[in-house]
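Working notes, structure below.
Bear in mind these aren't lab numbers, they're just calculated from the coordinates by the rules spelled out. Model, not experiment: these values are computed from the prediction. Here the Cβ is made from the backbone with ideal geometry for all residues, glycine too, and neighbour counts use every protein chain on show.
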Protein chains: 2
Amino acid sequence: MKSAPIYFGHIAPILDQYLKENSFSSIFFLVDENTHVHCLPLLLADLDNLSTYEILEIDAGEENKTIDTVNNLWLSLAELGADRNTLVINVGGGVLTDMGGFMASTFKRGVQFINIPTTLLAQVDASVGGKNGIDLEGMKNMIGTFTQPEMVLIDPKFLKTLEQRQIKSGLAEMLKHGLIQDRDHWDNLVQLLAHNADDLAPFIMDSIEIKKQVVESDPLEKGLRKILNFGHTIGHAIESESLETEFPLLHGEAIVIGMIIEAFLAENKGILSTEDREEICEGFASLYALSTIDMNLFPSLMEWMRHDKKNEKNSINFSLVNKIGKCSYNVICDEAEIKTAFEKYNNWIG
Amino acid sequence: MKSAPIYFGHIAPILDQYLKENSFSSIFFLVDENTHVHCLPLLLADLDNLSTYEILEIDAGEENKTIDTVNNLWLSLAELGADRNTLVINVGGGVLTDMGGFMASTFKRGVQFINIPTTLLAQVDASVGGKNGIDLEGMKNMIGTFTQPEMVLIDPKFLKTLEQRQIKSGLAEMLKHGLIQDRDHWDNLVQLLAHNADDLAPFIMDSIEIKKQVVESDPLEKGLRKILNFGHTIGHAIESESLETEFPLLHGEAIVIGMIIEAFLAENKGILSTEDREEICEGFASLYALSTIDMNLFPSLMEWMRHDKKNEKNSINFSLVNKIGKCSYNVICDEAEIKTAFEKYNNWIG
């Protein structure tokens, strides 16, 4: 599977040219209430070759990443006369581009779509790899397909519309790219003086390149691609659990905790040096406010982990950093080892 | 896209060998209340290499081919611990294999599946081409993917469990294969003395070969594959309309009417000779009990046609036989032409 082309910078002229060269029967923009107001107008202002279009709006937030939302979108597409020569343009964060990609890849067995990720997280993560999907009763990305968009358009100006908390969430995935594949990338990001949209923009393409290289070597996640899951086995469980509370964590916030606990796990397994584990912990601690995990939640977190897509029956399968810039995969860990890693994390915080 | 391998005859040893050679973490049979009783036991009796398995049962019938049914199946798979190394075996008619294929191709972004079509219709039609899907508020196969099963296993002994009405429904697609691509196949089928399971079995592989050849030349239905839609633009509309009544037609029954009306349409367009149109009408009349279409339903039937997947905005796109054994596609017809064809059909019947 070839990756979709990714364009970075001032994207409107590229989209405009694409619309000029292709004659679509109809064009649908999928937005949420935020991107409808903050991003879509910036885009529309620069598109000379767009005549008529429809706008589909969904509610922002992971809790809406469900089959019900997608079913409503399918119905809207049908009612508004979308056909196989329709183009869908997804403008939003990862939740929106994941859902929009799933909607497009299954409507009439697949219509073309373009992704315009507008959050840092979506730009450095969901933008590459052709994965799309929805959650199933809280189980993250349980349903979906592997389908490439026609292209991915990344414009750093959209990042200025984000709160700092959103920027930090995306930074977590960038830091992961460094930890699993490129020590320099990790060092550059940790050592930055400020971590705002302007300062991070120059490193976005580096992160995308790392992810792209990994994905292209293993598009269907049979082997190496699994290293992108570092921090995600535990991180997804924490994220799913938190989504059921009144104070849900953002994806990147959960993944930061996941990466630290999995670093303790790797250290205990004897595959990561204490020195590197400490450097990882200190790097994250300098950037994120961390708190302990209530161990009463541990059984429930184990349940989420057992439902993780990466697992085969009766074993929990981890991707673990074995030194900063390198990562192993298919590391099987049992419940006792996982529990010890949580306790070490709590002790370190405490 | 390569077609899946198709095996015909006594299939249990083939499946048994496949299970022996592959080590799946779990195996799920998807059945309906009919195939659970009449087909699954015949299969299980001959499988030596099957130890544990789960059975998922759904209600038979096109009215259950919905996202709700698939959502319940996804939840069952998750609850029963299906993982990426799970095998799904779909045992049933086209509704079931279409839904089972969609369920499998989207669960955890795709698990492997095998189709065992048990109706004549599914054996000669749904078995080839990698299409799967569900209906959306009555709009046929509006949602789905193109995904090939690992293999398709066709055993004519399952046909003995079918009512004659079901056999006739499958025969309709076989006759279509003759009309669009192979005059001998049409002649052979029309001239058969009896049209029961035993007499039709020798012609099943001929039908499959015709469909396979067409599909492989155009897997994503950009051109030639569209000829398989002969009879289906009008036939699907009639089928959708009838599903909202107390006496729904079977797929093949609706398609027979669709093929006859589309033959009149082709004759009126000047692309099919009156002689061939008459031969088509007489062939079907010798095999099926036909009745007129209430023209009060015509506006509603036009609505269904406008929603057909094959159409681009504001035009109805037909595949029309231009002589017995040959078919054109992308023939645009307007509402007046379609109405005339319906009226000619009614006059011919009346």
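For A:LYS2, indicate whether it is surrounded by fewer than 16 Cβ atoms within 10 Å (Cβ to Cβ) and either in contact with a strand residue (DSSP E or B) (Cβ under 8 Å, 6 or more places away or on another chain) or basic (Lys, Arg) (or both).
yes
Residues A:LEU42, A:LEU96, A:LEU47: which one is over 23 Å from the mean Cα position of the chain (by Cα), farther than 23 Å from B:ASP68 by Cβ and in contact (Cβ under 8 Å) with a residue 60 or more places away in the chain?
A:LEU42
Of the conditions (1) on the phi > 0 side of the Ramachandran plot; (2) of a type outside the set (Gly, Ala, Ser); (3) in contact with an Asp or Glu (Cβ under 9 Å, 6 or more places away or on another chain), A:ASN330 fails just one. Which one is it?
Here A:ASN330 clears every test but (3).
Please work out which residue is nearest to B:GLY258 (Cα to Cα), limiting yourself to the stretch B:280-331 and to residues that are small (Gly, Ala, Ser) and crowded, with 17+ Cβ neighbours inside 10 Å.
B:SER319
For B:GLY61, indicate whether it is under 19 Å from the mean Cα position of the chain (by Cα) and crowded, with 21+ Cβ neighbours inside 10 Å.
So B:GLY61 does not fit the description; no.
Look through the stretch B:113-131, keep the residues that are free of Cβ contacts under 8 Å to residues at least 40 places away in the same chain and out of contact with any Ser or Thr (no Cβ under 6 Å at 6 or more places or on another chain), and return whichever of them is farthest from the other protein chains (Cβ to nearest Cβ).
Checked the stretch B:113-131; the qualifying residue farthest from the other protein chains (Cβ to nearest Cβ) is B:PHE113.
So which of A:LEU75, A:LEU87, A:LEU56, A:LEU43 is hydrophobic (A, V, I, L, M, F, W, C) and within 11 Å of chain B (Cβ to nearest Cβ)?
A:LEU75
Filter the stretch A:9-27 for residues that are in contact with a strand residue (DSSP E or B) (Cβ under 9 Å, 6 or more places away or on another chain) and hydroxyl-bearing (Ser, Thr, Tyr); which is nearest to the other protein chains (Cβ to nearest Cβ)?
Of everything passing the filter in the stretch A:9-27, A:SER25 is nearest to the other protein chains (Cβ to nearest Cβ).
Inspect the stretch B:141-148 for any residue being surrounded by 22 or more Cβ atoms within 10 Å (Cβ to Cβ) and away from every other protein chain (no Cβ under 14 Å) and give the result as yes or no.
no
May I ask you to list the residues in the stretch B:171-211 that are surrounded by fewer than 20 Cβ atoms within 10 Å (Cβ to Cβ) and over 21 Å from B:HIS10 (Cβ atoms)?
B:ASP182, B:ARG183, B:ASP184, B:ASP187, B:ASN188, B:VAL190, B:GLN191, B:LEU192, B:LEU193, B:ALA194, B:HIS195, listed by residue number.
What pairs can you find where one residue is in the stretch A:218-245 and farther than 17 Å from A:MET139 by Cβ, the other is of a type in the set (Asp, Glu), and their Cβ atoms are less than 7 Å apart, with a gap of 6+ or different chains?
Qualifying pairs under 7 Å: A:LEU224/A:ASP218; A:ARG225/A:ASP218; A:PHE230/A:GLU262; A:GLY231/A:GLU262.
Is it the case that A:GLU33 is within 14 Å of chain B (Cβ to nearest Cβ) and more than 30 Å from A:SER217 (Cα to Cα)?
For A:GLU33, the condition - within 14 Å of chain B (Cβ to nearest Cβ) and more than 30 Å from A:SER217 (Cα to Cα) - is not met.
Please find, within the stretch B:95-140, the residue that is surrounded by the fewest Cβ atoms within 10 Å (Cβ to Cβ) out of those that are hydroxyl-bearing (Ser, Thr, Tyr) and within 25 Å of B:ARG165 (Cβ to Cβ).
That would be B:SER127.
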